[in-house]
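S.K.: To start, I am sharing the structure in question, which I have written as structure tokens.
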Ligand SMILES: [Cu+2]
């Protein structure tokens, strides 16, 4: 609307000389503005049923370098569920939307190695967007990316304590591209790559927001690494659209 107001003010300057023309132009802009206004797709992800208990990562505590960074044995985080069954770490995107990446102009996404664990473990980037991998630990890690989609290169690089950040980019969309550490075989992160800016990972409150989606019909896809994929058809027309998902533990 700020843009529209600015245009309106600009047009008013010409008001005296051609009042009628200005009115017509404002009407055209108003219609164009309505047609072109993007909206958010929002929702909450819920889990029904009781997920299996997370496993203690005992090999981590058998490694002296890693053990000294933990007072208690860390566990896996396969199912991150809130007090009201809110499900985090669900990757939500617009299915089949490609060729719309703005990744090259977006800030990098950061994947850290801390306490001999990846954080976060589920993340998402655009094609062409930088993924920066940090080592915050006082020990060596080995960052081994193992894509499965042709065109996304495998890479395997050691990263000692205090070593410079590593940078990764991918050209092809890929769901749950695996990062692993060859030094610590329990370390995994899963990076989903999209060829558009319209995706989101649900937070600890189970909520997601896909911002600024242009008007149109879409299939919203919600993907959880252990629970599979669900879809829902929506239409972005005049205002925000809600798409809630419920996953069930089988
Ligand atoms: Cu490691």
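The values are calculated or read from the model by the stated rules, or taken from the named source; none is laboratory data. As the structure is a computational prediction, the values presented were derived from the model and not from experiment. Using ideal geometry, Cβ is built from the backbone for each residue, glycine included, and neighbour counts are taken over all protein chains shown.
S.K.: Name the residues in region 87-143 that are away from the ligand (no atom under 16 Å from the Cβ) and touching a helix residue (DSSP H, G or I) at 6+ places or on another chain (Cβ under 6 Å), would you?
M.R.: In the first step, residues of region 87-143 are kept if they are away from the ligand (no atom under 16 Å from the Cβ); the result is 87-110, 122-132.
Correct list: 126, 127, 128, 129.
S.K.: Using the structure shown, decide if residue 147 is at pLDDT 95 or above, more than 16 Å from the ligand (Cβ to nearest atom) and touching a helix residue (DSSP H, G or I) at 6+ places or on another chain (Cβ under 9 Å). Walk me through it before giving the result.
M.R.: On the way: at pLDDT 95 or above: yes; more than 16 Å from the ligand (Cβ to nearest atom): yes; touching a helix residue (DSSP H, G or I) at 6+ places or on another chain (Cβ under 9 Å): no.
Judged against the criteria, residue 147 is not a match.
S.K.: Restricting the search to region 65-86, which residues are away from the ligand (no atom under 16 Å from the Cβ) and either buried (at least 18 other Cβ atoms within 10 Å of the Cβ) or under 18 Å from residue 223 (Cβ atoms) (or both)?
M.R.: Answer for region 65-86, where residues must be away from the ligand (no atom under 16 Å from the Cβ) and either buried (at least 18 other Cβ atoms within 10 Å of the Cβ) or under 18 Å from residue 223 (Cβ atoms) (or both): 77, 78, 79, 80, 81, 86.
S.K.: Of the conditions (1) free of Cβ contacts under 8 Å to residues at least 40 places away in the same chain; (2) more than 23 Å from the chain's Cα centre (by Cα), residue 104 fails just one. Which one is it?
M.R.: Result: residue 104 passes all but (2).
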